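Worksheet for the structure shown next.
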Amino acid sequence: VPASIKTRWNQVISFVMNSTDDEFKSNLGNYFYVDSLIDYYLFGLASCGLDAFGKNQLYMTYDGQKWIATMYDMDSTWGLYWNGSKFVSTSYGRNEFEDMISGRQGNLLYIRLEQLFYAELQSRWAELKSGALSIDNIINRFERFTDIAPPELVKEDYASTTGDGKFTGIPSQNTNNIQQIRAYALARQAWTDT
């Protein structure tokens, strides 16, 4: 990573940690594309991205000054627990996400965003749930994905990616399916509304 990026990222961290509430609210846009933070936060809540705020995040930049929030590694979403052993409740609260448990402080960037941009979060949620994060759109996207992955191909992929048969114990293989996602997304949207 170039020194300029390291320097700027350290400035970003310092800003998040040390700015007053007024400074944070007024100047967050000098460090981040705030819309991307708001969308990231809302998608993390709506999808119940258990570890979306603790580790599964990337920040991109065009100019080395302002950052865009993006997600990756979304295997702990739509109710699936991080190790696949169970599903969490549709009312799984933000205080239960991986960055908040075991006495951890939580992701300060998103904690402050929630506190200081609450009206913006509410407004954007209303917009997203009638568009990109509408139940119809979410389900349609999953159905389109499953349509291009026929069962034979899934079976073949499973056989070829199990580490020579060492990693075959996928705990939720029969329960993590489109029906589960449909039901979870619908109930989770109602929870996110509150």
Selected from ALA46, ALA183, ALA119 as most flexible by GNM, with the chain as the system and alpha-carbon contacts under 10 Å: ALA119
The range 1-116, relative contact order in percent, only Cα pairs under 8 angstrom and at least six apart counted: 26 percent
Hz values of 3J(HN,Hα) by residue in the range 29-45 - Karplus curve (6.51, -1.76, 1.60), Gly and Pro given as x: x, 7, 10, 9, 6, 4, 4, 5, 5, 5, 5, 4, 4, 5, 5, x, 6
Mean separation of Cα contacts under 8 Å, 6 or more apart, over the residue count of the chain: relative contact order %: 23 percent
Sorted peptide list for 129-136, 106-113, criterion being average Cβ within 10 angstrom, highest first: 106-113, 129-136
Solvent-accessible ranking of TRP191, TRP125, largest area first, probe 1.4 Å: TRP191, TRP125
Amide H contacts of THR90 (H built 1.01 Å from N, under 5 Å, at least 5 apart or other chain): none
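Got a sec? What order do ASP22, ASP39, ASP51, ASP73 fall in by accessible area at 1.4 Å, biggest, i.e. largest, first? Don't skip to the end; give the middle numbers.
Numbers: ASP22 120, ASP39 50, ASP51 10, ASP73 75 Å².
From most exposed to least exposed: ASP22, ASP73, ASP39, ASP51.
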Probe 1.4 Å, accessible area per residue of the chain, Å²: 58 Å²
Solvent-accessible area, 1.4 Å probe, carbon plus sulfur percent, for the chain: 54 percent
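How would VAL154, VAL34 rank on accessible area, largest to smallest, probe 1.4 Å? Working shown, then result.
Details: VAL154 80, VAL34 30 Å².
The ranking, largest first, comes out as VAL154, VAL34.
Suppose only helical runs count, i.e. DSSP H with n ≥ 4. What mean residue ellipticity at 222 nm does that imply for the chain under -39500 (n - 2.57) per run, divided by all residues and rounded to the nearest 500 deg cm²/dmol? Mind showing how you got there, number by number?
Values: 8 runs with 95 residues, N = 194.
Mean residue ellipticity at 222 nm (helix-derived): -15000 deg cm²/dmol.
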Area of MET17 that stays accessible when all protein chains are in place (1.4 Å probe, Å², to 10): 120 Å²
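The values are calculated or read from the model by the stated rules, or taken from the named source; none is laboratory data. Since this is a predicted model, take the numbers as computed values, not measurements. Heads up, the Cβs are rebuilt from the backbone with ideal geometry, glycines too, and the neighbour counts pull from every protein chain shown. Side chains are part of the model used for accessible areas, which takes the heavy atoms of the whole protein and leaves out ligands, DNA and RNA. Shrake-Rupley method; radii C 1.70, N 1.55, O 1.52, S 1.80 Å.
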